[in-house]
Amino acid sequence: MAYERRWETRRRGGRSAGDEARESYYGVPVIHRAPWRWEIPTYFFLGGIAGASYVIAGIAHVFGGDEERPVVRAGRYLSLAALIPSPILLILDLGRPERFHHMLRVFKVRSPMSVGTWGLVVFGAFSTLSALIQAAEDGLFGRGTLVARLLLRLPSRAIAFLGQFPAFFVSGYTGVLLAATAVPLWTRNYLLMGPLFLASALSNALAAITLILTVAGRTSHRSLRRLERFETVVMGVEALLLAALRLNSGKTIARPMHEGRLGRIYRVGVLGTGLGLPLLVQAPGAWLGRRLPRGVTVLAALLTLIGGALFRYLIVTAGHRSADDPQATFELTRARENGSRRS
Amino acid sequence: MSTTVIRDQPGRTGTTGARPGAVGFLTDTTLCIGCKACEVACKQWNQLPMDEFGFTGYSYDNTGDLSATTWRHVAFIERISDSEGRRPTTMRAFQSNWLMMSDVCKHCVNAGCMEACPTGAIIRTEFDTVVVQQDVCNGCGYCVPACPFGVIALDLGDGRARVGDHKAHKCTLCYDRLRDGLEPACAKACPTDSIQFGLVEDLMDRAKQRVADLRAQGVEEAHIYGDRAVGGTGGIEGLNAFFILTAPPEVYNLPAQPELPQRKTIPASVSTALAAVAFAVGAILSLRRK
């Protein structure tokens, strides 16, 4: 909000105050951008992996055979591991972290952040429980001890099935949370944000599970191929959704996504490194059965994860930029010339 | 933005969804002389710290914008040229070629900040105003991008905001003064009655009369910003603090047809749920026992 920032913005491109004054109020943003820092895109990345790896583990558990046991095991542990930093990041981002529990004094259906908080609490219970069951199955609580026997007696399949609902919720609600704001880039694409965040979460979780299983080297080639097949499909959908987002935004609102440093991150980081390269490497292996060297699989998975993290950074930062651009807000809220207005 | 045309909708102009008994502001920009008494009175009464001393280059506006510690902001628009780039040769009787507007929180009938707030810190008071409870706010910042007018902000202690309590702040419509039967400090201090305080229904009648008078005097662009036709659109249903403008809203840095952001929550959730079902089917087909 300090005007020093605006002064710099205005000076970029050699535009005078008079130039800016003709198109807007001296280029002053119409709306305020979200005050979020690095914690929020990092949470979007980790929370997405936590939710989506629970989804993969659960579906492999309920519908898959014994061959998928390593997938279930990796997914359950990964879910909890990615989940643990999430509330810490969210609390750190608060202006008053010591008041984090004020989130838990109300439940507001119309506020995606309130619903998200409660969804995260519920999912936390499922994720922890499933990881504990896995630990008991792996004998981490000893053989025949009280805790181990208790955990092994739990209906783990039913838990995995029920947990699918909060797991999908945690993977996708963040997109809805961004859509329900006045930020032009996010709200213009309100139907695409949730599906896009889901797709990104799933492809990241699949890449992370593939990475773990390949490095550990304890899974069948067939099982890995199934994961990779699904991953290529998800990444294809993700690429389509990204293209739809670009088209639907229009030139002014999409501007932060194709200009300057963010534009390079979008083209090279998200599209090239995160989607293009891994797809190119994995698709022949997954669909034609060509066996890839382990190193290549690991590399493709790493690239997908880097791309996923960059995507979360990009969508948040480009949103901030679109909030700072008065022309983007005016385009979103322009009066219709013919007098027929949205009521 | 010069192409934006404000046309009245029959039966919608001057109508508001404000609840009976709601109080608010009518800010008549045609009476504003740009003295900034409202800014000063607001700062004094609410004990808000000063803005950083500096020069923006935005005409006489060195305040810049509404912020966590600036709850009234007088905008200065110099009409250097019209939309075709011509210099004006005639001068309006009432305001020369200046547009000045004292901006403030709109106290929306349906408020985006209030709906977004996950702690219940933002409430609607007995006066139908929107207020942040400072003992509840935990500074999550979700209300900030949820305001379609760029009003509410976190006091992050950087730049001009000197307190730095990291909580959300905005105009309270002087809740403490209302409790004691006083009008808000800005309205009290305004020397031209550009800022008027009262019941929204009374103010709206007054605004309609004023717009009719202005139009009779030849100011055809005069219109109400903040009824259901302009400004209070898209589920917002009206602003308890509304304005009389003589140019398109964008000239004053106001969105012409804003929307309540939470309107997107249900359709966005439905599309996400459908995508989730599709991905679940895909995962089952890929991972099922063969």
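Residues in the stretch A:85-96 that are touching a Ser or Thr at 6+ places or on another chain (Cβ under 9 Å) and either at the interface with another protein chain (Cβ under 9 Å from one of its Cβ atoms) or free of Cβ contacts under 8 Å to residues at least 24 places away in the same chain (or both): 1 in all. Looking only at residues in the stretch A:320-342 that are assigned to a loop (DSSP other than H, G, I, E, B) and facing chain B (nearest Cβ under 7 Å), the one that is modelled with the highest pLDDT is A:Thr333. Quick check: is even one residue across the stretch B:130-137 in a loop (DSSP other than H, G, I, E, B) and under 19 Å from B:Phe242 (Cβ atoms)? No, every residue in the stretch B:130-137 fails to be in a loop (DSSP other than H, G, I, E, B) and under 19 Å from B:Phe242 (Cβ atoms).
Out of B:Asp61, B:Asp65, I need the residue that is closer than 20 Å to B:Leu154 by Cα and within 9 Å of chain A (Cβ to nearest Cβ). Which one?
Numbers: B:Asp61 fails: closer than 20 Å to B:Leu154 by Cα.
Exactly one residue qualifies, and that residue is B:Asp65.
Residues of the stretch B:214-269 that are among the polar types (S, T, N, Q) and more than 10 Å from chain A (Cβ to nearest Cβ): B:Gln217, B:Asn240, B:Thr246.
Among residues of the stretch A:207-223 that are closer than 13 Å to A:Gly295 by Cα, those with a beta-carbon under 9 Å from a residue that is outside any helix (DSSP H, G or I) at least six positions away or on a different chain give the pairs A:Leu213/A:Thr219.
For the residues B:Arg228, B:Arg263, the requirement of being modelled with pLDDT under 95 and charged (D, E, K, R) singles out B:Arg228.
Checking the structure you have, find out if any residue of the stretch A:140-155 is away from chain B (no Cβ under 14 Å), within 16 Å of A:Ser53 (Cα to Cα), surrounded by fewer than 18 Cβ atoms within 10 Å (Cβ to Cβ) and of a type in the set (A, V, I, L, M). Checking the stretch A:140-155: not a single residue is away from chain B (no Cβ under 14 Å), within 16 Å of A:Ser53 (Cα to Cα), surrounded by fewer than 18 Cβ atoms within 10 Å (Cβ to Cβ) and of a type in the set (A, V, I, L, M).
Within the stretch B:155-173, the set of residues being modelled with pLDDT of 95 or more and at the interface with chain A (Cβ under 7 Å from one of its Cβ atoms) comprises just one member, B:Lys167. Out of the residues in the stretch A:46-60 that are of a type outside the set (Gly, Ala, Ser) and either crowded, with 24+ Cβ neighbours inside 10 Å or free of Cβ contacts under 8 Å to residues at least 24 places away in the same chain (or both), which is farthest from the other protein chains (Cβ to nearest Cβ)? Looking at residues that are of a type outside the set (Gly, Ala, Ser) and either crowded, with 24+ Cβ neighbours inside 10 Å or free of Cβ contacts under 8 Å to residues at least 24 places away in the same chain (or both), I get A:Ile49.
Could you check, for the stretch A:163-183, whether at least one of its residues is farther than 25 Å from A:Trp118 by Cα and away from chain B (no Cβ under 11 Å)? Break it down stepwise before answering.
First, the residues of the stretch A:163-183 that are farther than 25 Å from A:Trp118 by Cα: none.
No, because not a single residue in the stretch A:163-183 is farther than 25 Å from A:Trp118 by Cα and away from chain B (no Cβ under 11 Å).
What pairs come up if the first residue lies in the stretch A:61-72 and is surrounded by 19 or more Cβ atoms within 10 Å (Cβ to Cβ), the second is of a type in the set (D, E, K, R) and assigned to a helix (DSSP H, G or I), and their beta carbons are under 9 Å apart, counting only those six or more places apart or on different chains? Partner pairs satisfying both residue conditions: A:His61/A:Glu68; A:His61/A:Arg69; A:His61/A:Arg76; A:His61/A:Arg157; A:Gly64/A:Arg226; A:Glu68/A:Arg226; A:Val71/A:Arg226. Is it true that some residue in the stretch B:49-64 is out of contact with any Cys (no Cβ under 9 Å at 6 or more places or on another chain) and either at pLDDT 95 or above or outside the structural domain of B:Asp193 (by TED's automatic domain parsing) (or both)? Scanning the stretch B:49-64, I find no residue that is out of contact with any Cys (no Cβ under 9 Å at 6 or more places or on another chain) and either at pLDDT 95 or above or outside the structural domain of B:Asp193 (by TED's automatic domain parsing) (or both), so the answer is no. Hey, among the residues in the stretch B:205-235 that are among the hydrophobic types (A, V, I, L, M, F, W, C) and surrounded by 24 or more Cβ atoms within 10 Å (Cβ to Cβ), which one's farthest from the chain's Cα centre (by Cα)? Taking the candidates together, the pick is B:Ala207.
Among the residues of the stretch B:133-148, those identified as buried (at least 23 other Cβ atoms within 10 Å of the Cβ) and more than 7 Å from chain A (Cβ to nearest Cβ) are B:Cys137, B:Cys143. Every test in (1) under 26 Å from B:Thr30 (Cβ atoms); (2) at the interface with chain A (Cβ under 7 Å from one of its Cβ atoms); (3) modelled with pLDDT under 95 is passed by B:Phe94 save one, and that test is (2).
The values are calculated or read from the model by the stated rules, or taken from the named source; none is laboratory data. All values derive from a computational prediction rather than experimental measurement. Here Cβ is always computed from backbone atoms with ideal geometry, including for glycine, and neighbour counts include all displayed protein chains.
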